[in-house]
Amino acid sequence: MRKPQSISFEYALKQSGPVAFSTMVKPAGSMCNLDCNYCYYLDKSEQYAHNQPVMSESLLEEYIKQYITANDVPEVSFLWHGGEPLLLGIDFYKKALALQNKYALGKEINNSLQTNGILLTDEWADFFSENNFLIGISVDGPEDIHNSSRVNKAGKPTFKNVMNGLNILKKHNTQFNTLSVVNKVSEGRGLEVYQFLKSTGSHYMQFLPASEHIIERDGKRPLIVNPGTAGAVYAPWSVSSLAYGEFMFDIFKYWVKNDIGDYFVQLFDSTLAQHSNVAPGLCSMNDTCGEALVVEHNGDVYPCDHFVYPDFKLGNILESSLLDIYRSQKRFDFGLNKKNSLPSECKSCKYLSVCRGECPKHRFETSKLNDGNRNSLCEGFKFFFNNSWPYMEYMRDLLIAGKSPQLVKYFTPKQ
């Protein structure tokens, strides 16, 4: 067996170019007005039970100043996330914009915000539109699919509330895209979900597979845990591996013949990028990870949104600078482990050039040779990559030839 790749941390620092990394900031922590059954972040309220999950103005200023200063590039993007970030109120974000202007250093500043849409009003939409925010709306599909998981604290459905919020955004010409969780209820309904999202006016779509392991607890919601946790079982709401691949390919078959160039699906764009030797723009498809840090409401920093656990904490921006945390050995090792921990069956797989082992949070299955864990969604990704492969290669060739990839709609793969 080959030894894991070894790169000197000091060497990597010396060889690195301009510093550029992203952050997902959670100014309201895990605080949320919904109680979605598959949410992996609600449990963080127990991790931070000792304090109120609200970012102070002084910490907000410190974060904005450090983040802009640390990025040695002309454009810096802020992603406001949660929990539900709108719970902090509009004045919080007005203050954030003022601080961004104060510390911009001549750089272009962009903002995006992910919301469940429940609290959206005309005032919010007008504010977002005036300040060029890109809004991500969490909606899982038609009413029955959405309401099966996305309920409020009283257990009531939220579909109509979300549609109301989405219509408010459209009324104010606010940029938005959609994020949909593919779970057990979604299985076999990929094209239906896609057509529904198109009907809402969404042109940019992201489909996240719900694939979680949990520990059952008496009197509490199940605890979603990270790979390797003893006693964990597969969550009943999780999409099966093959069903996820079929869900995505059902959409792809229609999209590649009818909608390419007009509607954009993150997995399709990232897969084409991999075939074209271009950065995929999706962290799970990179060789290594840890480039998208999470900044919690109290300044704690983690290497990934899915690894906000005490063992993975990198530091706190009130104790170390965000730049030093980003350049830390611990973050570097976390990122490199994505590649070094791949089992041999992944290293010899045809699809490694596209998948890169996908997200470490999904590595629950023991490999065939028992030399590490493979991705629990492996079968589904193989199905999607195999069936989309000839189309992706054809689109890559079109791009190399300086032609529009939209010409793929006339392509028929060889049988």
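Specify the longest stretch of the chain that does not include any exposed loop site, a site being one of the GluC sites (Glu not before Pro) with a non-H, G, I, E, B DSSP assignment and at most 13 other Cβ atoms within 10 Å. Between the exposed loop sites, the longest stretch runs 1-215. Taking a sphere under 10 Å around the Cβ of ASP287 and counting the other residues whose Cβ falls inside, with K and R at +1 and D and E at -1, yields a net charge of +3.
Looking only at the chain, where both bridge partners belong to it, what percent of the DSSP beta bridges are antiparallel (to the nearest 5)? Don't skip to the end; give the middle numbers.
On the way: 13 of 41 bridges.
For the chain, the DSSP antiparallel bridge percentage is about 30.
Under 5 Å between amide hydrogens, built in the peptide plane, is the criterion, and for LEU134 it picks out ASN111, SER112, LEU113 among residues at least 5 positions away or on other chains.
Could you calculate the contour length gain from ASN37 to LYS156, that is, 0.36 nm times the residue separation minus the distance between their Cα atoms, to one decimal place in nm? Intermediate results must be reported in sequence, preceding the final value.
Numbers: separation 119, 0.36 × 119 = 42.84 nm, distance 1.25 nm.
Net length gain for the segment: 41.6 nm.
Taking the centroid of alpha carbons for each part, region 42-84 and region 222-285 are 27 Å apart.
If R₀ is 45 angstrom, what is the calculated FRET efficiency for the pair GLU192 and VAL54, using the beta carbon separation as r and rounding to 0.05?
Details: r = 39 Å, r/R0 = 0.87.
That pair, GLU192 with VAL54, gives E of 0.70.
Distance between the modelled labels on ASN101 and ASP324, one decimal in nanometres: 3.2 nm (7 Å Cα→Cβ projection).
For GLU212, the residues whose modelled amide H falls within less than 5 Å of its own, excluding neighbours fewer than 5 places apart on the same chain, are ALA235, SER238. If you take the beta carbon distance between LEU352 and ASP397 as r and set R0 to 35 Å, what does 1/(1 + (r/R0)^6) give as a FRET efficiency, to the nearest 0.05? Using R0 = 35 Å, I get an efficiency of 0.95. Cysteines in the chain lacking any other cysteine Cβ under 4.7 Å from their own Cβ: CYS32, CYS283, CYS289, CYS304, CYS346, CYS349, CYS355, CYS359, CYS378.
Each Lys or Arg adds one and each Asp or Glu takes one away; over the other residues whose Cβ falls under 14 Å from the Cβ of ASN51, this sums to -1.
For region 314-402, the convex hull spanned by the alpha carbon atoms encloses 142 Å³ per residue. Pairwise alpha-carbon distances in region 50-128 exceed 20 Å for 35% of all pairs. In the chain, the alpha-carbon atoms span a convex hull of 160 Å³ per residue. Normalised Debye scattering of region 251-341 at q = 0.17 Å⁻¹ gives log10 I(q)/I(0) of -0.78, counting only Cα atoms as equal scatterers and leaving out solvent. Partner aspartates and glutamates whose Cα lies under 17 Å from the Cα of LYS170, excluding those fewer than 8 positions away in the same chain, are identified as ASP122, GLU123, ASP126, GLU130.
Around LYS26, with a cut-off of 13 angstrom between Cβ atoms, what is the net charge of the other residues, counting Lys and Arg +1 and Asp and Glu -1? List each step's numbers first, then the result.
Values: positive: LYS44; negative: GLU84, GLU296, ASP300, ASP305.
My count for the surroundings of LYS26 gives -3.
Computed from the alpha carbon atoms alone, the convex hull of region 339-381 holds 65 Å³ per residue.
Multiplying the residue separation of LYS368 and LEU223 by 0.36 nm and removing their Cα-Cα distance gives an extension gain of 49.4 nm.
Of the DSSP H helices in the chain, those with a Cα length along their own long axis of 15 Å or more and a mean Kyte-Doolittle hydropathy reaching -0.5 comprise 57-70, 90-103, 159-171, 241-258, 378-400.
Every number in this text was worked out from the coordinates using simple rules, so none of it is lab data. These numbers come from a predicted model, not from an experiment. As a convention, Cβ positions derive from the backbone with ideal geometry for all residues, glycine included, and neighbour counts pool all protein chains shown.
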